[in-house]
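Input: a single structure, listed below in structure tokens.
Bear in mind these aren't lab numbers, they're just calculated from the coordinates by the rules spelled out. Everything numeric here is computed off the predicted structure, so don't read it as measured data. Neighbour counts run over all protein chains shown; Cβ positions are idealised from the backbone, glycine included.
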Amino acid sequence: MIDEALVKHVARLARLQLTDAETAAMKRELGAILDTMEALKSVDVSAVPPTSHVLGLTDVLRPDEARPFAHREALLEGAPNRDGDYFKVPKVLE
Amino acid sequence: MTDYTSWSASAIAAAVRGKKAKAEDVAGAHLERIRAEDPKVRAFIRVLADEALEAAREVDAKVAEGRDPGLLAGVPVALKDNLNVRGVPTTCGSKILEGFVAPYDATVVERLKLHGAVIVGKTNMDEFAMGSSTENSAFFPTKNPHDHARVPGGSSGGSAAAVASGMVPLALGSDTGGSIRQPASFCGVVGLKPTYGLVSRYGLVAFASSLDQIGPIARNVEDAALALTAISGFDPLDSTSAPSQPRSYDVSSGVQGLRIGLPAEYAGPGLEPDVKAAVDRALAALRAKGAQTVDVSLPNTKHAVSTYYILAPSEASANLARFDGMRYGFSTARANARLTGLLETYEASRGRGFGPEVKRRIMLGTYALSSGYYDAYYGRAQRVRTLIKRDFDEAFRNADVLLTPVAPTPAFKLGEKTSDPVQMYLSDVFTIPCNIAGIAGVSVPCGKTKGGLPLGVQLLSRPFEEHILLAAAKALEGL
């Protein structure tokens, strides 16, 4: 059952600020969407392995070699806040 | 003056390569068409007029010097705005990418350029490719060129509308649950979703990484095949790229003896008579050209929409975590001289930067992955995915290609489904299973409704059998 507290909990997990109106709409809409998924619960999947992707490729590796990126300045230019060659971000550890 | 805007991509490339046409003139004609038509259709978020003319002149110079200008020499191409072109903003139809300029080319863009294609602009889309009508664009809705009161489909609606209205002969879109095939059907053009892993996703803004695939939208099958030849093949920069040798896609093999499977589950109620009639027409045409028909069953089809709307939002909630207001795009920290708290910056930037449908899917995905609900939703959906894939494996033992509708209805009216997300989700019922199983699918025009709206049909094939799929699609042209 989707209630307001659950919506707020999930929004916090998703790092998503919701207005009160959005929270109310989300409660209603997520409830309706999840209702349509009820039938999935009746499928017997006890002996079925999960598929995460279809190709069956696993552990795709490449040599761990550093390569310079040609457009470094273009990357840094996109930063909301920068300090020289650094991204400037809020304090992470209090 | 030659009207290049009615030419196919193949004809343009042949003429430019054979010095019968100048790429600059071809680009100019299409840019003129965009100036005349796009104010009505609104297919483009950004038109790259100067860049296109310059690229076209480079192609002409190559031809003049006797160098190989590539397979798509001088072909104007539009790109869905979730594909990176270096030096050009990528918006993904979202406000959260405000100010972002792509610092590199997507692999498909690099390959298009290498083949002499001329990129003329970035097309409108549902925000982060989440939607079926292009109405979820943060900027404006795109109109269906056949009826401006109707949607072009989505999420690659801008690309489909641009091709359908002669603004480009070729465009690229991306397809996670039908986002190339459904708009192609609504706009009366060809849309190909290649096998998962055949086309590199490097430089495509990720939505649901196990389902996303880039593919062409064109006015005929031959052009779609030509584009696939240019953009497909292994890419070390995409770890889900399938190891494969480059190949040239030929569509001329015909359908003699081909076994066409008709899945019983795709013929249920809810299908409009016009849509059913299009499938019947396609079937008759394939039979007349020597194909056989077989009945097949995909019993888990009824679970595909639910499975998709758990898996895709779950992957999206993880992929979209990167939009955090710290490194690029919209950020509430940008406006503040003093930085606010970390969590506050994350939450406010994302809360203000994402639109309603994206928030809904992030919430749905976060919920489905969260502690206590993971097994019931995400874990279970991954297992049902296996069952859906097995259905196709079984069906393809008896059939080479499957024939189905693309969508239950032709193009619907703008605003008709925006108030009810569940109704919008259900319009993807016939296209979603292809992505879940990772197989190849194509939407081909197949006549019109009594009211004059385009109708398409869908063909599906085994993975990496695009040559068979496209040959079957070719047999439906002109219906």
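So which of B:LYS193/B:LYS417; A:LYS8/A:LYS88; B:LYS302/B:LYS474; B:LYS417/B:LYS450; B:LYS20/B:LYS289; A:LYS88/B:LYS122 end up more than 27 Å apart, counting from Cα to Cα?
Listed pairs above 27 Å: A:LYS8/A:LYS88; B:LYS302/B:LYS474; B:LYS20/B:LYS289; A:LYS88/B:LYS122.
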Given 5 Å bins starting at zero, what is the percent of C-alpha pairs of the range B:1-132 in each, up to the one with the largest pair distance?
2, 11, 20, 21, 19, 14, 8, 3, 1, 0
Below 8 Å between Cα atoms, with a sequence gap of 6+, how large is the relative contact order for the range B:1-133 in percent?
29 percent
What's the angle, to the nearest 10 degrees (0 to 90), between helix A:4-13's Cα axis and the longest principal axis of chain A?
30 degrees
Which residues' amide hydrogens lie under 5 Å from the amide hydrogen of B:THR123, considering only partners 5 or more residues apart or on another chain, with H built in the peptide plane?
B:ILE45, B:LEU79, B:LYS80, B:ASP81
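Over the protein assembly as shown, what is the percentage of antiparallel beta bridges among all DSSP beta bridges, to the nearest 5? Provide the component values of the computation, followed by the final result.
Values: 33 of 48 bridges.
Rounded to the nearest five, the antiparallel share is 70 percent.
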Using alpha carbons only, how many angstrom separate the centre of the range B:418-441 from the centre of the range B:214-231?
22 Å
For labels at A:ASP3 and A:LYS41 in the simple 7 Å Cα→Cβ model, what's the distance in nm?
1.7 nm
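Give me the orientation-averaged projected area of the Cα convex hull of chain A, in nm², one decimal.
On the way: hull surface 51.1 nm².
Mean orientational projected area (chain A, Cα hull): 12.8 nm².
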Order of B:HIS467, A:HIS71, B:HIS115 from fewest to most other C-beta atoms within 10 Å?
A:HIS71, B:HIS467, B:HIS115
Identify all aspartates and glutamates with a Cα-Cα distance to B:LYS113 below 14 Å; exclude those on the same chain that are fewer than 8 residues away in sequence.
B:GLU51, B:GLU54, B:GLU58, B:ASP60, B:ASP68, B:ASP105
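What percent do you get for the relative contact order of the range B:99-226 when only Cα pairs under 8 Å and 6+ apart count?
On the way: 272 pairs, mean separation 28.6, N = 128.
Once normalised by length, the contact order is 22 percent.
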Most to least packed among B:352-358, B:245-251, B:142-148 [average Cβ atoms within 10 Å]
B:142-148, B:352-358, B:245-251
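Given a Förster radius of 35 Å and the C-beta distance between B:SER371 and B:SER419 as r, what FRET efficiency does 1/(1 + (r/R0)^6) yield to the nearest 0.05? Write down the numbers at each step before the final one.
Values: r = 33 Å, r/R0 = 0.93.
Once the sixth-power term is evaluated, E becomes 0.60.
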Shielding by partners, peptide B:431-442 (average Cβ within 10 angstrom, other chains)
1
Please work out the C-alpha center-to-center distance from the range B:1-72 to the range B:238-302 and express it in whole Å.
33 Å
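Given a cut-off of under 8 Å on Cα pairs at least six residues apart, what relative contact order in percent is computed for chain B? Show your work: numbers first, answer last.
Details: 1194 pairs, mean separation 82.4, N = 479.
Taking the mean separation of contacting Cα pairs over the length of chain B, I get 17 percent.
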Could you compute how fast the protein assembly as shown diffuses translationally, taking Rh as the Kirkwood radius over C-alpha pairs and applying Stokes-Einstein at 25 °C with viscosity 0.890 mPa s? Give it in µm² per second.
102 µm²/s
Percent of Cα pairs exceeding the 14 Å cut-off, where the set is the range A:1-41
47 percent
How large is the Kirkwood hydrodynamic radius of chain B, in angstrom, based on all distinct alpha carbon pairs?
22.2 Å
Return the whole-Å distance between the Cα centroid of the range B:86-149 and the Cα centroid of the range A:13-32.
28 Å
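Only four residue types carry charge here, +1 at the Cβ of Lys and Arg and -1 at the Cβ of Asp and Glu. Report the dipole size of the range B:378-466 about the Cα centre in Debye, rounded to the nearest 20. Display every interim value, and only then the final one.
Details: 11 positive and 9 negative charges, 40 e Å.
Dipole magnitude for the range B:378-466 comes out near 200 debye.
I want the antiparallel fraction of DSSP beta bridges within chain B, as a percent rounded to 5.
65 percent
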For the range A:24-29, Karplus-derived ³J(HN,Hα) couplings (6.51, -1.76, 1.60; θ = phi - 60°; whole Hz; x for glycine and proline) come out as 5, 5, 4, 4, 5, 6
What does the highest-first list of B:390-402, B:453-465, B:429-441, B:94-106 look like by mean Cβ count within 10 Å?
B:429-441, B:453-465, B:94-106, B:390-402
Counting helices only, and only those DSSP H runs with n ≥ 4, report the 222 nm mean residue ellipticity of chain B as the sum of -39,500 (n - 2.57) divided by its residues, in deg cm²/dmol to the nearest 500.
-11500 deg cm²/dmol
Output ³J(HN,Hα) for the range B:377-386: one whole-Hz value per residue in order, computed from phi by the Karplus curve 6.51 cos²θ - 1.76 cosθ + 1.60 with θ = phi - 60°, and x for Gly and Pro.
10, 4, x, 5, 5, 5, 6, 5, 4, 4
